[in-house]
Amino acid sequence: MTALASRAAGTARDAEHLRLAAWLLPLGLFGLAVTVRLWAAAEISFAMNEGSASYVGVSRNLIEGRGLVSDAIWSYATPPLLLPKPAFEIWMPMASFLAALPMAVLGTSFPAAPISSVLLGALVAPLVWLVARQAATRAGLPAGHGAMIALGSGLVAAAFGPFLVAAAAPDSTTPFLVFGLACCLLMTRMADKPRPLTGLVLGVMLGLAYLSRQDALYLGLAYLWLAWGATSGRPVAARLHGGVGLVAPVVAGGLIVVGPWLARNLATFGTLFGQTIETAFLRTNEQMFAYVERPTAASYLAQGPLTIISGQVQAMIHNLVEVLLLPAMPVGLLGLAAVVALRRSPALGRHTALHALLLSGLITFLVTSLVFPVATQWGTFLHASGPLLAGLIVAAMLGLDAALSWGRQRRGWSRANLWLGPAMALALVIPFGLLQVSVLSSQAETREERVTAAAAALERLPELAAAPRAGEAPRMRAALISDRPVWLAEALRRPVIALPDEPPRAVGQLAADFGTRLVLILDERGRHPAAWFTPDGAACLAVPPERLLGLDDPALLLRLRSDCLLP
């Protein structure tokens, strides 16, 4: 009896230790991920792109009581064309909502904005750990293998370069990644054991993912596919009934979150997806900033089928190489190879979160490449690729474990060396992550110095003395036109509008419509600045172009004539 009691006590202690480890391990991964992301955020002190700057600017305006508005107009596609401009005609508000939380406490400077992104982004490590643990269990792998695959996946997600960079700058990538992971974990639970509460929570997560990026629609398509498969083999009536049970609570949960936002956008802009649809008709990325010559379906189709197909192929190559392979090195390559090699493994089966991640990622890849072939080369797929990259991390760890097991059997190794796969992955991932953060930190610092210098030089201009400040701009009045409107609007705290890639007289018409005569070109893009050194461009200038930051810098200040208008 004593021996039996002792064994029972030992079993109870072991179970308690396992339960404790089940909590401590994901908490440890979260703490590690927070630490690494705080370091990355500290290295990047300036918005790396104008999208991030826009989110932070809207957060500041929200905290100051001005509402969801921006002091920059970067697109003329969606009315009302007012200053300040109602924000989020195509982008989604989650990044600004998240950034506003720490900014409300710590101040409205940029360094405060990423804190919520850091904390939310750190959830990626334990969530990826959960996905990997489930995949290993479904594959029937030994407990030690499954534990090491899950741990390695979580550690890689904590130190993964693209995830670090995304968390260090407030934008849509991190919230979409986190909510997308949560959705895929809930999808499999809902498909296995349909319960209204689970479906409602899944709908809420899908709604939060949608408020991060419109690409959440592709997560919804993946769930519909999983729900259809979960009801297969039943009579038609039973299948319809089962489908309603799987979908109805999800739709209800999603509408609770998304419904108010859709109503706001419809009331503010008069449309829900108008600018998104127009983005599919871009022939060049510069058309995003068009004022007079907006892209249309007719102009897009007029390119001809060969040009359209060629653009789609280029977009697929770009998304594969520039998003999944190079920035995600070596995880992207290893993960894609593992998906092919393990395609029949239960780890990738229909009822795993890994399957949902890979399926939704494939849909996102195809839609962004084929429907938005131009826009995707400026980041459409890049910012929506997080869930797919998380799936490739898990697939890579499964593939490394399978390869090492095969090698151990071939070579007759006496020890399993389960730690070897995660160690190899981390040895490759960590240097690439450090390099990415370092490079972007240097780029952000250079950009900050240049934008700050341009803003200081502009403030000395007599024409800008009477220009409106942020929050004071009357309707249709801007301080200036620029190819970097968001950065300059934030640096000047004045309304700035985008320079369209259109002829000088179209720019002159824009200037007249918005009550300004100043144009600042910081970089070469599209036809600018070359168009201003042609006879038509020179005829629009009141005085010769001025090098704002000195002869060695390409920044060009233009003062337009009042009669530079469209005929």
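So if R0 is 22 Å, what FRET efficiency would Ile277 and Leu566 give, r being the distance between their Cβ atoms, rounded to the nearest 0.05?
Efficiency, rounded to the nearest 0.05: 0.25.
Rounded to the nearest 5, what is the percent of antiparallel bridges among the DSSP beta bridges in region 475-567?
Bridges in region 475-567 that DSSP calls antiparallel: roughly 60 percent.
So for Asp71, Asp553, Asp215, fewest C-beta neighbours within 10 Å to most, what's the order?
Starting with the residue having the fewest Cβ neighbours, the order is Asp553, Asp215, Asp71.
For helix 216-230, report the angle its Cα long axis makes with the longest principal axis of the Cα atoms of the chain; keep it between 0 and 90° and round to the nearest 10°.
Compared with the principal axis, the helix lies near 30 degrees.
Which FRET efficiency, nearest 0.05, do Val371 and Arg344 yield, Cβ-Cβ r, R0 30 Å?
Given R0 = 30 Å and the Cβ-Cβ separation, E is 0.45.
Using the crude model of +1 on Lys and Arg Cβ and -1 on Asp and Glu Cβ, and no other charge, please compute the dipole size for the chain relative to its Cα centre, in debye to 20.
The calculation lands at about 2140 debye.
Among all cysteines in the chain, which have no other cysteine Cβ under 4.7 Å from their own Cβ?
By the Cβ distance rule, which asks for a partner under 4.7 Å, the isolated cysteines are Cys183, Cys184.
Using label points projected 7 Å from each Cα along Cα→Cβ, tell me how many nm separate Ser310 and Arg460, to one decimal.
4.8
Which of the chymotrypsin sites (Phe, Trp or Tyr not before Pro) found in region 227-313 are in a DSSP loop and have at most 15 neighbouring Cβ atoms, other than their own, within 10 Å?
Passing both the DSSP loop test and the Cβ count: Phe273.
Local charge sum around Ala538 (other residues, Cβ-Cβ under 13 Å, Lys/Arg +1, Asp/Glu -1)?
+2
Hey, fewest Cβ within 10 Å first, where do Thr271, Thr174, Thr279 land in order?
Thr271, Thr279, Thr174
To the nearest 10 degrees, how steep is helix 173-192 against the longest Cα principal axis of the chain, on a 0 to 90 scale?
In the chain, helix 173-192 runs at an angle near 40 degrees to the longest axis.
Need the C-alpha centroid separation for region 105-125 versus region 311-355, integer Å.
A separation of 29 Å, based on Cα centres.
Filter the chymotrypsin sites (Phe, Trp or Tyr not before Pro) in region 354-462 to those in DSSP coil with at most 13 other Cβ atoms within 10 Å of their Cβ, and list the result.
Trp413, Trp419
Which angle from 0 to 90°, rounded to the nearest 10, does the C-alpha axis of helix 94-106 make with the longest principal axis of the chain?
80
Label 7 Å along Cα→Cβ of Thr534; region 489-508 residues with amide nitrogen under 17 Å?
500-508
Can you report the principal axis dimensions of region 462-559 using only the alpha carbons, biggest first, rounded to whole angstrom?
Here the Cα extents, ordered largest to smallest, are 37, 29, 24 Å.
Between Leu82, Val394, Pro170, whose Cα lies farthest towards the positive end of the dipole of the chain when Lys and Arg beta carbons carry +1 and Asp and Glu beta carbons carry -1, centred on the Cα centre?
Farthest along the dipole direction, towards plus: Val394.
For Rg and Dmax of the Cα atoms in Å, several values are listed as (i) 44.9, 188; (ii) 23.0, 77; (iii) 26.3, 103; flag the one computed from this structure.
(iii)
FYI, it's all coordinate maths here, none of it is from the lab. These numbers were taken from a predicted model, which means no experiment stands behind them. Here the Cβ is made from the backbone with ideal geometry for all residues, glycine too, and neighbour counts use every protein chain on show.
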